[in-house]
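J.: First, the structure itself, so that you have it in front of you.
No value in this document is a laboratory result; all are computed from the given coordinates. Owing to the predicted nature of the structure, the values given are computational and were not obtained by experimental measurement. Note: ideal-geometry Cβ built from the backbone for every residue, glycine included; neighbour counts use all protein chains shown.
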Amino acid sequence: METEPTAVMDCLHVIDGKYVPSHNQKTFVNTNPATEQMIGSVAEGGKTEIDWAVAAARKAYYGGWKNSKWSERAAILRRIGELILQRKDELAMLESLDTGKPLSLSTAVDIPRAAGSFHYFSSLISTLGTEAYPMEVGALNYVIRKPIGVVGLICPWNLPLLLLSAKLAPCLAMGNTVVIKPAEWTPMTATVLAQICKDAGLPDGVVNIVHGFGKDAAGEALAEHPDVSAIAFTGENHTGKQIMRAAAGNLKRLSFELGGKNPNLIFADCDLDKVVDTTIRSSFINQGEVCLSGSRIYVQRAIYETFLQRFVAKTREQVVGDPMQAQTNIGALISKEHYERVLRYIDLAREEGGTIETGGSRVKGCEKGYFVEPTIITGVSQDSRVVREEIFGPVVTIQVFDTEEEVIRQANDSHYGLSASIWTNDVSCAFRVAEQIEVGLTWVNTWFLRDPRTPYGGVKESGIGRQGGMYSIDFYSDISTICMKY
Ligand code: NAD
């Protein structure tokens, strides 16, 4: 790599407003996946540190935050959003060093969208109303929202600050206190966010962070903790199942955003220029490490060859390499393990009889770092593992279809159900297909666009519950009815 890391940071836990090491001083190494260089050491927490953090969060909850005024919370959230924007360049750099994603992407998307969540939920709680039902017998029923207590947020590594903020903003907005377990690969921006929260005036103990691993470690201890009322988790399906079991002890409320194997349905009458450009993004942006990535591409036979030719040509133009360079489109995968896993899937595609149209190996010229070429696979059947399993890398499959019924069947033939994109200029076809696809979010002639007021989440094994707008407010509050007789 030409560019040396320019920021190095050690991460401690943040508990009750203080930076603290683990009780046994244990740490683990944080590595830049683009250079394989150590960029910091991270405190490794477990049950003890989770106990400390939950106790601090409980103290802050009953010590005042539970009964804080919504106007105070709205003002603090707004300041958090502003401080994130003020520190945008630093946060974007840390995010890229941690994840390997292009700096241009973290600057344009990750950090501004994280700030956007705080601004949005600040406005939303400033306008929240309620329901009231007068009864003929002389009574008034009205509905209030109360916070739910201490909430655990367990986060993934692909969009670290963005996804954390989408949970944290509504959670704080409703008066809860929080223990965050960032992904072990990406501890840095969460740690800075804790400082930003403090600078914005958030009382000590309202936001706590415990770094560490998941299974038999900090993540599991948080999911099990009897004083935690709810867990909001984003990550893999099998982790979701483990968390569900661990959380059963006190019947925690759960919000799960899990994996996806999202279909792109491309009909012959589509606007091909737009489809090719957007499909490049939906396939390879963030190295394909996006839960909403359109990794199963279905193309109608009449345009299959043309689409393939143009899509392959455009894929070959993608610049893979140093995340710090402005022209880079695709950076490094998160870790050696994940990189090897993605390469194994490409080998598997070959074993399953697939053709690698482009890509298919590590990037030549990058001796260090976990760089995989953007890869297009054809010639695989619907029941091959590369069509069925989430690869979570810059790897897509393309299959051909003839009829609307056939592609709906193929698209729905998955235990995932997160999102889908339909490409057609036939409005009736778009309506018909959109209603039939078994996913939580369907795009027509676009991808990755969503108004923050709309619900977001998966059906089938892609998740439980919805986030976004009032759906987040519902998750992070207890709804109570008061019936007053007069
Ligand atoms: P992961 O499940 O491996 O890890 C996520 C978090 O869970 C980490 O903080 C990890 O330490 C923790 N964890 C792991 N095992 C645990 C356990 N037994 N108990 C408690 N915590 C545990 O997921 P990942 O690899 O970080 O993220 C990639 C996955 O996330 C992909 O499947 C992707 O599709 C999914 N994802 C989904 C969405 C969505 O909105 N649906 C968004 C982003 C990512």
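J.: Find out how many positive minus negative residues lie around G40, taking Lys and Arg as positive, Asp and Glu as negative, among other residues whose Cβ is under 11 Å from that of G40.
T.: It works out to a net charge of -2.
J.: Next up: May I ask which residue of A56, S71, N30 lies farthest towards the positive end of the charge dipole of the range 12-99, with charges of +1 (Lys, Arg) and -1 (Asp, Glu) on Cβ and the Cα centre as origin?
T.: S71
J.: Can you give me the Kirkwood hydrodynamic radius for the range 118-267, using every pair of distinct Cα atoms, in Å to one decimal?
T.: That comes to 17.1 Å for the range 118-267.
J.: Based on the Cα coordinates of the range 178-231, what is the per residue volume of their convex hull in Å³?
T.: Convex hull of Cα atoms, per residue: 73 Å³.
J.: For G45, list long-range residues whose amide hydrogen, built 1.01 Å from N in the peptide plane, is under 5 Å from its own amide hydrogen.
T.: H211, G212, F213
J.: Related question: Would you mind calculating the relative contact order of the range 423-485 from Cα pairs under 8 angstrom and at least 6 residues apart, reporting the percent as a whole number?
T.: Dividing the mean separation by the residue count of the range 423-485 yields 22 percent.
J.: Could you state the angle between the C-alpha long axis of helix 47-62 and the longest principal axis of the C-alpha atoms of the chain, as a value from 0 to 90 degrees rounded to the nearest 10?
T.: With rounding to tens, the tilt is 50 degrees.
J.: Which aspartates and glutamates, on any chain, are close to K47 with Cα under 14 Å apart, when same-chain ones fewer than 8 places away are left out?
T.: D216, E220, E224, D227
J.: Charges at C-beta only: +1 for Lys and Arg, -1 for Asp and Glu. How large is the resulting dipole of the chain about its Cα centre, in Debye rounded to 20?
T.: For this selection, approximately 1340 debye.
J.: Another question, then. Just for the chain, what percent of DSSP beta bridges are antiparallel, to the closest 5?
T.: 45
J.: What percent of all Cα-Cα pairs in the range 382-471 falls in each 10 Å bin, counting up from 0?
T.: Cα pair-distance distribution for the range 382-471, in percent: 14, 45, 34, 6, 0.
J.: What residues have an amide H closer than 5 Å to that of Q37, excluding those fewer than 5 places away on the same chain, when H is modeled at 1.01 Å from N in the peptide plane?
T.: Residues meeting the criterion, in which the H sits 1.01 Å from N, are N32.
J.: Checking the a/c ratio against 1.5 first, then a/b against b/c, what shape does the Cα gyration tensor give for the range 216-313?
T.: Because a/c hits 1.5 or more and a/b exceeds b/c, the range 216-313 counts as prolate.
J.: Output ³J(HN,Hα) for the range 321-337: one whole-Hz value per residue in order, computed from phi by the Karplus curve 6.51 cos²θ - 1.76 cosθ + 1.60 with θ = phi - 60°, and x for Gly and Pro.
T.: x, 3, x, 7, 7, 4, 7, 6, 9, 10, x, 9, 6, 5, 7, 4, 4
J.: Additional query: Hey, could you pull the Cα Rg and Dmax for the range 258-354, both in Å?
T.: Cα only, the range 258-354: 14.6, 42 Å (Rg, Dmax).
J.: Among G331, A190, I356, flag the residue with its Cα farthest along the positive direction of the charge dipole of the chain, charges on Cβ as +1 for Lys/Arg and -1 for Asp/Glu.
T.: Looking along the dipole axis, the top candidate is A190.
J.: Still on this structure, please answer the following. In debye, nearest 20: dipole of the range 1-123 around its Cα centre with unit charges on the Cβ of K, R (+) and D, E (-)?
T.: Dipole magnitude for the range 1-123 comes out near 880 debye.
J.: Something else about it: Only counting other Cβ atoms within 10 Å, I'd like I39, I144 sorted with the fewest neighbours first.
T.: Lowest to highest Cβ neighbour count: I144, I39.
J.: If one computes the Cα centroid of the range 372-435 and of the range 121-135, what distance in Å separates the two points?
T.: Answer, in whole Å: 40.
J.: Which whole-Hz ³J(HN,Hα) couplings does the range 470-486 yield from phi under the Karplus relation 6.51 cos²θ - 1.76 cosθ + 1.60, θ = phi - 60°, glycine and proline marked x?
T.: Listing the rounded values in order: 5, 5, 5, 4, 4, 5, 8, 9, 9, 9, 10, 9, 10, 10, 10, 8, 10 Hz.
J.: Pairs of alpha-carbon atoms within less than 8 angstrom and 6+ residues apart define the contacts here; what relative contact order does the chain have, in percent?
T.: 18
J.: For the range 1-110, what relative contact order do you get, as a whole percent, if you take Cα pairs closer than 8 Å and at least 6 residues apart?
T.: Result for the range 1-110 is 25 percent.
J.: From the phi angles alone, apply the Karplus equation (6.51, -1.76, 1.60; θ = phi - 60°) to the range 173-190 and give each ³J(HN,Hα) in whole Hz, x where the residue is Gly or Pro.
T.: 4, 8, x, 8, 10, 9, 10, 9, 10, x, 5, 5, 7, 9, x, 6, 5, 4
J.: With a bin width of 10 angstrom, please list the P(r) values of the range 60-129 as percents of all Cα-Cα pairs, from the 0 bin to the one holding the largest distance.
T.: It works out to 21, 37, 26, 15, 1, in whole percents.
J.: Which one of G40, G393, N262 has its Cα pushed farthest toward the positive end of the charge dipole of the chain, where Lys and Arg give +1 and Asp and Glu give -1 at the Cβ?
T.: G40
J.: Now, a different point. Per residue, what volume in Å³ does the convex hull of the Cα atoms of the chain enclose?
T.: Spelled out: Cα convex hull of the chain, divided by residues, is 151 Å³.
J.: Please report the antiparallel percentage of DSSP beta bridges with both residues in the range 342-408, rounded to the nearest 5.
T.: Bridges in the range 342-408 that DSSP calls antiparallel: roughly 50 percent.
J.: Report, in debye and to the nearest 20, how large the dipole of the range 370-474 comes out about its Cα centre when Lys and Arg carry +1 and Asp and Glu carry -1 on their Cβ.
T.: The calculated dipole for the range 370-474 is roughly 340 debye.
J.: Where a ≥ b ≥ c are the square roots of the eigenvalues of the C-alpha gyration tensor, would you call the range 21-114 rounded, which needs a/c under 1.5, or, failing that, prolate if a/b is larger than b/c, or oblate?
T.: Oblate.
J.: Would you mind checking the pairs K26/K181; K69/K167; K88/K274; K241/K261; K167/K198 and listing those with alpha carbons more than 25 angstrom apart?
T.: In this structure, K88/K274 lie more than 25 Å apart at Cα.
J.: Give the long-range amide H neighbours of W443: residues separated by 5 or more places, or on another chain, with amide H under 5 Å away, using H modelled in the peptide plane at 1.01 Å from N.
T.: Here the answer is A420, S421, I422, since their amide H atoms fall under 5 Å of that of W443.
J.: Determine the equivalent ellipsoid of the range 115-180 by diagonalising the alpha-carbon gyration tensor, then write out the semi-axes as square roots of 5 times the eigenvalues, largest first, rounded to whole Å.
T.: 33, 14, 8
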